[in-house]
Amino acid sequence: MRLSIVLSTLGLSVAMSTELSRIRSPFEPPPKTYNYAPCAVLSNGGKRLHLWYCANRTPGDVTDYLCYREAVRSATGWKWGGESVALEHGTPRTAWDSRHVCDPEVLAGQFRYQGKVWRFAMLYLGCDAEHSTHNQIGVAFANSFRGPWHRYPDPILRYTDAPEAGVVGEYYAWPVYRFWGVGQPAAVSLDRLGRVLLFYSRGEGVFGEEMAELDMSDMDRGPILTQRVRVPTEGLRRNDGKPLRALVNVGVALDEGRDRLYMVREELPPSDGRLPNFIADYVQVCATSWSALRKGAGSWKILGEVDAERTGWPRNHNATIVKDAWGRVQAGRELTLAVSVAEAYDVLPPEFGWLWTYRVALVSFALKR
């Protein structure tokens, strides 16, 4: 079943037509700069929108930082502020996240670290290697959405310790490991304090989406992670009706009143034969019973897709659901997504030219009863 889509540009709604022009990002980055993999949180009764995303800071240089923007709702739509750096990579060559930091997920709660109790936790992917390898999941803490963010020194979900998983090469003096690792965290708060249900992608011999309960209430003691289990995939399929290739890179939001967990996932690889073929051409919105999922069961209901027909962009990937700071959405007839969009090519342009087309767009759609 397709969703009834309304595209949102600069906070203003425009009706969808058969010939759809490309949706624009609410803010345009400088040339040779990318924005993608957003986390979007509403506060102040929906009057403020906080957005964290992955971006490079030096035009033309492929080094991931976590950046932040805030928007204030007005009578004419969202008014966006300037960009600031929320978190840079760790100490070069020594920290576990010294090469890239990406894929932010921000939650409110009460998190003890360094003898203080912090209001917000930012989960993120970090690495100290090249070719998208040796990824791990870390966390930083703050008392304001703007930061400053104080990173926990070690990963809270580590790369596999399998003997065959080590360094297999080198690229520009950075090591290259055998496996991708773990990353792309998504989460909802379980108690509005320090316990969360963590979702993450795994690519290290075992490939797919997993989940585990994570207790960050006392990080001076250290994180406590329960048994890691596979996220159920029953009911999921591709938009052409064919079997699911893999469940990876999801965003989640909880509607407790309806006993419903919403998920947005991306489909890889694209089916159009164009490049890049390592980011998705559409993202799919699904829902399942929250109580069933908590037992490791349940079946997903597909609600629809956001694709080139909806956005005008041939690549639609790395999406999240706009939610509150505890990972909740209000019961209603509409969800809003923050979706990464990008160009596609028959031949990849030189000097990472495809990367400079990555943008973040807001897409709202109605939920049919």
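Listed values, structure above:
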quantity: Conditions (1) under 24 Å from residue 265 (Cβ atoms); (2) under 19 Å from the mean Cα position of the chain (by Cα); number of the one not met by residue 179; calculated: (2)
quantity: Evaluation of residue 139 against (1) in contact with a Pro (Cβ under 6 Å, 6 or more places away or on another chain); (2) crowded, with 24+ Cβ neighbours inside 10 Å (one fails), failing number; calculated: (1)
quantity: Filter result for residue 176 (touching a Lys or Arg at 6+ places or on another chain (Cβ under 6 Å), assigned to a strand (DSSP E or B) and at pLDDT 95 or above); calculated: no
quantity: Which listed residue is touching a residue at least 60 places away in the same chain (Cβ under 8 Å) and surrounded by fewer than 23 Cβ atoms within 10 Å (Cβ to Cβ), from 351, 343, 334; calculated: 351
quantity: Near pairs, Cβ below 6 angstrom, 6+ apart or cross-chain, from segment 50-79 (surrounded by fewer than 16 Cβ atoms within 10 Å (Cβ to Cβ)) to any residue that is among the charged types (D, E, K, R); calculated: 59/32; 60/32; 72/48; 72/79
quantity: Selection count where residues are of a type in the set (Gly, Ala, Ser), in contact with a Pro (Cβ under 8 Å, 6 or more places away or on another chain) and either at pLDDT below 95 or under 21 Å from residue 25 (Cα atoms) (or both), scope segment 275-318; calculated: 5
quantity: Enumeration of residues in segment 255-276 that are surrounded by fewer than 23 Cβ atoms within 10 Å (Cβ to Cβ) and touching a Phe, Trp or Tyr at 6+ places or on another chain (Cβ under 9 Å); calculated: 255, 256, 258, 259, 260, 268, 269, 270, 274, 275, 276
quantity: Whichever residue in segment 98-129 is small (Gly, Ala, Ser), in contact with a Gly (Cβ under 7 Å, 6 or more places away or on another chain) and not in a loop (DSSP other than H, G, I, E, B) and, among such residues, is surrounded by the fewest Cβ atoms within 10 Å (Cβ to Cβ); calculated: 109
quantity: Single condition residue 208 does not satisfy, out of (1) free of Cβ contacts under 8 Å to residues at least 12 places away in the same chain; (2) under 30 Å from residue 271 (Cβ atoms); calculated: (1)
quantity: Residue 305 being outside any loop (DSSP other than H, G, I, E, B), in contact with a strand residue (DSSP E or B) (Cβ under 8 Å, 6 or more places away or on another chain) and charged (D, E, K, R); calculated: yes
quantity: Total residues in segment 186-205, condition at pLDDT below 95 and in a strand (DSSP E or B); calculated: 0
quantity: Residue that is surrounded by the most Cβ atoms within 10 Å (Cβ to Cβ), among those in segment 213-237 that are free of Cβ contacts under 8 Å to residues at least 40 places away in the same chain and part of a strand (DSSP E or B); calculated: 215
quantity: Breaking point among (1) part of a loop (DSSP other than H, G, I, E, B); (2) out of contact with any helix residue (DSSP H, G or I) (no Cβ under 7 Å at 6 or more places or on another chain), for residue 54; calculated: (1)
quantity: Residue tally, condition surrounded by fewer than 19 Cβ atoms within 10 Å (Cβ to Cβ), outside any strand (DSSP E or B) and touching a residue at least 12 places away in the same chain (Cβ under 8 Å), over segment 277-293; calculated: 2
quantity: Residues (exposed (fewer than 15 other Cβ atoms within 10 Å of the Cβ) and touching a strand residue (DSSP E or B) at 6+ places or on another chain (Cβ under 7 Å)) located in segment 162-191; calculated: 166, 167, 168, 169, 170
quantity: Of all residues in segment 80-97 being in contact with a Leu (Cβ under 9 Å, 6 or more places away or on another chain) and outside any loop (DSSP other than H, G, I, E, B), the one that is farthest from residue 119 (Cα to Cα); calculated: 80
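The values are calculated or read from the model by the stated rules, or taken from the named source; none is laboratory data. Everything quoted here is computed from the prediction, not taken from an experiment. No Cβ is skipped: glycine too gets one built from the backbone with ideal geometry, and neighbour counts run over all protein chains shown.
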